[in-house]
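Okay, structure first, notes after.
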Amino acid sequence: MTIITVANQKGGVGKTTTAVTLAHGLAANQFMEVLLVDLDTQGNVSDALGIEKSAALYEWLILEKPMKEVAVNARKRLDVIRSNKMTAKLKVSLSGMDFREQVLANGLSGYQNYWDVVVIDCAPSVDVLHTAAMVAADLLIIPTRLDQFSVDGVVETLTSLDSVRRATKSRCELAGIIPTFFDRVTNESHAQLEALAKVYGKSVWPVVRQDTGCRSASRLGKTLWECEIPPAGALGGYEECLSRLVELL
């Protein structure tokens, strides 16, 4: 079982779209058994998949309900641990616990035979769950808009990863940086993409072009793979990113 964390400390960079698209792509196109875990109090993973939000994450990590009881099947071969506002209470509960950074790693242990891949969608903040996601993960994917604030978030997220690796036994490594909302007509997109490639080289994955179809799909509770007329720019980028990810699994 490979655990993948999707994170960027800046918001609005397409983390949930990336997590949902890659998770469903692995399930639908690669025929893998996938678990998608939502760590955000907003519960956007549920919105993106057209299912109800729930306190499943809290029930699993705090009430210690078996994962197979709280995970729901959202698509063929794709199960989800959902989140809602109770996740804020979960963070408060964890703050007083010893070894809280191990909570996700411990919760996932023993389930290696249930899923091939676990994808963890992080909130845009540095908190106990963000740290726990990096401790648990094998691979880190960082989506980023091509603007200075979001690219700064890439640097901050990698700094957090270095800190986590030094302080814990985390084996997490950077898998790739996914440039999202790429606008080929703006100089800023090209300049920031060039800057990323100069620093991170092959760790920069294919761009996902800006496409209003992504917002339409999320509003309808569909993934990009399910759209009757897929947003070509975005889906094409994610198809290439999915291929990159499969090479690492």
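Nothing in this text is a laboratory measurement; each read-out follows from the coordinates by a stated rule. Fair warning: this is a prediction, and the values are worked out from it, not measured in the lab. For neighbour counting, all protein chains shown are included, and Cβ atoms are generated from backbone atoms with ideal geometry for every residue, glycine included.
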Practice task
Find which of Val126, Gln30, Val185 sits farthest along the positive direction of the dipole of the chain, computed with +1 on the beta-carbon of Lys and Arg, -1 on that of Asp and Glu, about the Cα centre.
Solution key: Val126
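For segment 2-248, what Kirkwood radius comes out of the mean inverse Cα-Cα distance, in Å? Intermediate values should be presented prior to the final figure.
Working: mean 1/r = 0.0558 Å⁻¹.
Kirkwood hydrodynamic radius for segment 2-248: 17.9 Å.
Summing +1 for each Lys or Arg and -1 for each Asp or Glu, what net charge is found among the other residues whose Cβ lies under 12 Å from the Cβ of Glu173? Show your work: numbers first, answer last.
Values: positive: Arg165, Arg171; negative: Asp138, Asp162.
Net of charged neighbours comes to 0.
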Handout entry: Acute angle (nearest 10 degrees) that the helix 86-95 long axis makes with the longest principal axis of the chain, alpha-carbon atoms
Key = 70
Problem - Hits among lysines - C-alpha to C-alpha of Lys91 under 23 Å, sequence gap 8 or more where chains match - result: Lys10, Lys15, Lys53, Lys65, Lys68, Lys169
Problem - Whole-angstrom Cα spans of segment 81-172 along principal axes, big to small - result: 40, 29, 28
Exercise for the section: Pull out a ≥ b ≥ c, the square roots of the eigenvalues of the alpha-carbon gyration tensor of segment 1-91, then state rounded if a/c is under 1.5, prolate if not and a/b is larger than b/c, and oblate in the remaining case. Expected result: oblate
Completion exercise
Relative contact order of the chain (C-alpha contacts under 8 Å, at least 6 apart) in percent is 26
Practice task
Specify the angular offset, from 0 to 90 degrees and rounded to the nearest 10, of the alpha carbon long axis of helix 187-200 from the longest principal axis of the alpha carbons in the chain.
Solution key: 60
Exercise for the section: Once you have the Cα-Cα distance between Leu174 and Lys85, take 0.36 nm times their residue separation minus that, and quote the gain in nm to one decimal. Expected result: 29.1 nm
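How much length would be gained if the chain were fully extended between Glu194 and Gln148, taking 0.36 nm per residue of separation minus their Cα-Cα distance, in nm to one decimal?
Details: separation 46, 0.36 × 46 = 16.56 nm, distance 1.24 nm.
Fully extending the segment from Glu194 to Gln148 adds 15.3 nm.
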Exercise for the section: Return the percentage of antiparallel bridges among DSSP beta bridges fully within the chain, rounded to the nearest 5 %. Expected result: 10
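What order, most packed first, do the peptides 51-63, 86-98 have when packing is the mean number of other Cβ atoms within 10 Å of each residue? Show your work: numbers first, answer last.
Values: 51-63: 19.4, 86-98: 14.3.
Those peptides, ordered most packed to least, come out 51-63, 86-98.
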Fill in the blank from the handout: Rounded to the nearest Å, the spacing of the alpha-carbon centers of segment 167-210 and segment 6-55 is 19
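Arrange the peptides 28-37, 109-118 so that the one whose residues have, on average, the most other Cβ atoms within 10 Å appears first. Don't jump to the answer; show the numbers that get you there.
Working: 28-37: 19.9, 109-118: 16.0.
Top of the packing list down: 28-37, 109-118.
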